């Protein structure tokens, strides 16, 4: 196909857009004896003078590929490539989030992780993390034995509709509570900091207490009354948040944003590039706060428990 435009939506308008093109390889033959063809996926850098220039996804550091428009058989725009942080598997993202629970006891069960805490009753600290195949025989029986051996009700954190979800349900496990699924959200630290308002709420003081790995932000009135707080943890280049709380009588003043601003700054000072948090899927008030900072869903998960 020749000309300055080809079928299926390609043309000068796709410059700067991620595209896929199927092109003929001149002088080469395919397995059936016809012309050989290949697909190219990448960002269109230019379109004109009979040439489409594409920066391949597979080789971002190499020279762009010049494709004669006459050799293009078909093509179309495709969705942008997910960021590296969005391509992290849910199980791996959850393992990073363990930094928020410094007193956690963990034990590997293949790729699963048995979690238990003597300091917290939170489900995140007292459940098996099962968001990928364990790879070991008898995994279900081992989970039950571990938690029953510690006098705890067995609980599993699983991805909705996954093989692990099906496995535990096949043994009669049910939703641990009537809570909505939990959403694991992430954003780049730089984007979140750019989204923060510059105005600081009046009449409050904020303080940080902790170390280089875990810190608590507290917002108090001049009289010393605690009106907002939150916890952050840093590990490698990720900073996570939990327990972002505002006194109901003080809502609407931007105190939640003040807590997030302090904790984001603390994480950035330690080199964090990715921020994450977890929130129940029906917590609309929290989502209105975090959406404004650029957080996007990474994955959803739920807790199942033995009946």
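The values are calculated or read from the model by the stated rules, or taken from the named source; none is laboratory data. This structure is a prediction, so every number in the text was calculated from the model and none was measured. Cβ sites come from the backbone with ideal geometry, for glycine too, and all protein chains shown count toward neighbours.
In table form, for the structure just shown:
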{"item": "Filtered residues of the range 232-256 (kept if closer than 18 Å to residue 187 by Cα and in contact with a helix residue (DSSP H, G or I) (Cβ under 7 Å, 6 or more places away or on another chain))", "result": "232, 233, 234, 235, 238, 239, 240, 241, 242, 244, 256"}
{"item": "Strands (runs of 3 or more DSSP E) completely within the range 24-122 that count 3 or more residues being closer than 30 Å to residue 150 by Cα", "result": "104-109, 112-117"}
{"item": "In the range 161-175, the residues that are surrounded by 11 or more Cβ atoms within 10 Å (Cβ to Cβ) and free of Cβ contacts under 8 Å to residues at least 40 places away in the same chain", "result": "162, 163, 164, 167"}
{"item": "Of the criteria (1) touching a strand residue (DSSP E or B) at 6+ places or on another chain (Cβ under 8 Å); (2) surrounded by fewer than 19 Cβ atoms within 10 Å (Cβ to Cβ); (3) closer than 30 Å to residue 220 by Cβ, which one residue 142 fails", "result": "(3)"}
{"item": "Meets criteria (surrounded by fewer than 20 Cβ atoms within 10 Å (Cβ to Cβ), over 16 Å from the mean Cα position of the chain (by Cα) and within 27 Å of residue 153 (Cβ to Cβ)) for residue 307", "result": "yes"}
{"item": "Among the residues listed as 30, 61, 16, the single one being modelled with pLDDT of 85 or more and outside the structural domain of residue 275 (by TED's automatic domain parsing)", "result": "16"}
{"item": "Exclusive hit being in the same structural domain as residue 93 (by TED's automatic domain parsing), surrounded by fewer than 18 Cβ atoms within 10 Å (Cβ to Cβ) and in contact with a helix residue (DSSP H, G or I) (Cβ under 7 Å, 6 or more places away or on another chain), set 273, 284", "result": "273"}
{"item": "Hits in the range 82-112 - residues which are more than 19 Å from the chain's Cα centre (by Cα) and within 20 Å of residue 242 (Cβ to Cβ)", "result": "102, 103, 104, 105, 106"}
{"item": "Sole residue being more than 30 Å from residue 130 (Cα to Cα) and modelled with pLDDT of 95 or more, chosen from 195, 218, 170", "result": "218"}
{"item": "Residue within the range 34-47 that is farther than 30 Å from residue 294 by Cα, out of contact with any strand residue (DSSP E or B) (no Cβ under 6 Å at 6 or more places or on another chain), in contact (Cβ under 8 Å) with a residue 24 or more places away in the chain and crowded, with 19+ Cβ neighbours inside 10 Å present", "result": "yes"}
{"item": "Strands (runs of 3 or more DSSP E) completely within the range 158-271 that count 1 or more residues being closer than 30 Å to residue 307 by Cα", "result": "182-188, 238-246"}
{"item": "Filter result (more than 25 Å from the chain's Cα centre (by Cα) and under 14 Å from residue 305 (Cβ atoms)) within the range 116-144", "result": "140, 143, 144"}
